[in-house]
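Enquirer: Below are the structure tokens for one structure; questions will follow.
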Amino acid sequence: MTSINLADRTVDLGEWARRTPDATFEFTRAVREWLAQNLVGEFALLKGRGGPGSEHEFFAERLAWDRHLAASGWTCLGWPTRYGGRGATLEQRIIFHQEYARANAPARVNHLGEELLGPTLIEFGTEEQKQRFLPGIVDVTELWAQGYSEPGAGSDLAAVSTTARLADDGRWHVNGQKIWTSLAHVAQWVFVVARSEPGSSRHTGLSFLIVPLDQSGVTVRPIQQLTGTSEFNEVFFDDATTEADLIVGAPGEGWAVAMGLLQFERGVSTLGQQVGFARELDAVTEMARANGTLDDPEIATRLVRARIRLRAMRANAQRTLDGDAASSGGTWGAAAAAGAASVAKLLWANWHRDLGELAMAVAGPASLIGPTETVEGRRNEIADPEHVELDEWQRLFLFTRADTIYGGSNEVQRNIIAERVLGLPREARE
């Protein structure tokens, strides 16, 4: 088999695959072996840590793991090599995310930088912005937060009221409030959609700015979730400033940049996410077998339906990614592309919420007992004693209540499909 130096970022994985027989098999083997050889020692303790509802777990250690990945060339795989990426093909990126999930490797800490902001800068940013920010994302030395939602503009991004004014001092002055800002308490930078043209409304007059969080004009306040943790925050901008050239795209054209970023959000990592979903479903099924609830026809039927829906979700994700790959040939219609992200969000969010409810039904009365209490002679272990004591199924149930809200609520996703794909009349707005 042809060897490849995976630590050498000058190797373009896509070009290597085109020239190497059996490249898919070789790449899969390389990913699998690297994870097996490196998820050991202290890193082995991180397996399964940091997922939804557990983002607080071992953050410093997971940051060290991400930097270890970077040192071995496993970050930003799909980026062009000239920007520190690996030029990986779509198939290779899917393989990596699936193998990563199968290895039960820890949740990454720089998803917003690597999967969202980085590709957006590559697409819309200036060369100076790329040279300034992309290296810090590749080696995980700078972390990012997303400044989209506001108290009066949760899923309706076009209703943002945070303002940005280019002053005589040559800097943007930002005023307003963002909310549900994931990881703002640990990030150095936030990308912000703000209204830069006074008197503008809806999609017009918005700008996409890069703002440093470590300044006196920014206040970050963690918001406690149902799980007792604080993964996201409210962020206040009180005459916060950023340099004039830290605007992505032209002034007033931030909506196009913001929408471009959201398209990256439905990328190949969704298939890795589904591997994690399958692991959760397998564990719930095993719990049902162990405690006898699998003999209940209703529980058995719900488990089978969950399995079928998961397979349908995977088929939809693969079809969407195949459509993306074929888009240059015109086979992926504009209407289908517009609704693909909304369909995917509806599928996984509702499935995951329903799995949380199913887990509680399978656990039965034990689901109401804290993990420090004894249940039939067994004592549940606590993932992190510094935070609220929930077992994995209680945490899953509570956190997934929000799956159908964050990232665009069910109602918003259905409106997008109705209006942009089906061409139905727009919903009346005040």
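Enquirer: Please specify each residue of region 125-134 satisfying the condition of being of a type outside the set (D, E, K, R), touching a residue at least 12 places away in the same chain (Cβ under 8 Å) and open to solvent by 10 Å² or more (accessible area, probe 1.4 Å).
Expert: Gly125, Thr126
Enquirer: Oh, and also: Enumerate the pairs (first residue in region 235-246 and open to solvent by 70 Å² or more (accessible area, probe 1.4 Å); second residue anywhere and of a type in the set (Asp, Glu)) with beta-carbon separation below 8 Å, excluding pairs fewer than 6 apart on the same chain, so at least 6 apart or on different chains.
Expert: Close Cβ pairs (under 8 Å, with a partner that is of a type in the set (Asp, Glu)) amount to Asp245/Glu128.
Enquirer: Go over the candidates Ile122, Ile137 one by one and state the one that is in a helix (DSSP H, G or I), modelled with pLDDT of 90 or more and buried (at least 23 other Cβ atoms within 10 Å of the Cβ).
Expert: Unique residue meeting the criteria: Ile137.
Enquirer: Have a look at Arg9, Arg62, Arg18 and point out the one that is touching a helix residue (DSSP H, G or I) at 6+ places or on another chain (Cβ under 9 Å), under 30 Å from Glu123 (Cα atoms) and not in a loop (DSSP other than H, G, I, E, B).
Expert: When all the criteria are applied, what remains is Arg62.
Enquirer: Search region 252-271 for residues that are open to solvent by less than 10 Å² (accessible area, probe 1.4 Å) and pair each with any residue that is hydroxyl-bearing (Ser, Thr, Tyr) and at pLDDT 75 or above when their beta-carbon atoms are under 8 Å apart and the residues are at least 6 apart or on different chains.
Expert: Gly254/Ser196; Gly254/Ser207; Val257/Thr120; Ala258/Tyr148; Leu261/Thr120
Enquirer: Would you pick out the residues in region 44-58 that are part of a helix (DSSP H, G or I) and open to solvent by less than 50 Å² (accessible area, probe 1.4 Å)?
Expert: Within region 44-58, Ala44, Leu46 meet the criteria.
Enquirer: Among the residues of region 160-183, how many are open to solvent by 40 Å² or more (accessible area, probe 1.4 Å), farther than 15 Å from Thr242 by Cβ and not acidic (Asp, Glu)?
Expert: So the answer is 3.
Residues checked against (1) within 25 Å of the chain's Cα centre (by Cα); (2) of a type outside the set (Lys, Arg); (3) at pLDDT 90 or above:
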| residue | (1), (2), (3) |
| --- | --- |
| Gln274 | yes, yes, no |
| Ala283 | yes, yes, yes |
| Ala300 | no, yes, yes |
| Ser327 | yes, yes, no |
| Gly330 | no, yes, no |
| Ala334 | yes, yes, no |
| Ala338 | yes, yes, no |
| Ser342 | yes, yes, no |
| His352 | yes, yes, yes |
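Enquirer: Sticking with this structure for a sec: Among what's in region 89-108 and is part of a loop (DSSP other than H, G, I, E, B) and touching a residue at least 60 places away in the same chain (Cβ under 8 Å), pick the residue that is least open to solvent (accessible area, probe 1.4 Å).
Expert: Pro106
Enquirer: How about region 170-193: which of its residues are modelled with pLDDT of 90 or more and over 21 Å from the mean Cα position of the chain (by Cα)?
Expert: Within region 170-193, Arg171, Trp172, His173, Val174, Asn175, Gly176, Gln177 qualify.
Enquirer: Here's a follow-up. Looking at Arg29, Arg86, Arg67, which is the one that is within 21 Å of Gly272 (Cα to Cα), surrounded by 20 or more Cβ atoms within 10 Å (Cβ to Cβ) and not small (Gly, Ala, Ser)?
Expert: Arg86
Enquirer: Being in contact with a helix residue (DSSP H, G or I) (Cβ under 7 Å, 6 or more places away or on another chain), of a type outside the set (D, E, K, R) and within 29 Å of Phe236 (Cα to Cα) narrows it down to one residue among Gln131, Gln146, Gln98, Gln92; which is it?
Expert: Result of the check over Gln131, Gln146, Gln98, Gln92: Gln146.
Enquirer: Thr20 versus (1) over 30 Å from Thr400 (Cβ atoms); (2) open to solvent by 40 Å² or more (accessible area, probe 1.4 Å): which is the lone unmet condition?
Expert: For Thr20, the exception is condition (2).
The values are calculated or read from the model by the stated rules, or taken from the named source; none is laboratory data. All figures in this text were calculated on a predicted structure; none of them were measured in a lab. Glycine gets a Cβ as well: all are built from the backbone with ideal geometry, and neighbour counts include every protein chain shown. Protein only, heavy atoms only, side chains kept; ligands, DNA and RNA dropped before computing areas. Shrake-Rupley method; radii C 1.70, N 1.55, O 1.52, S 1.80 Å.
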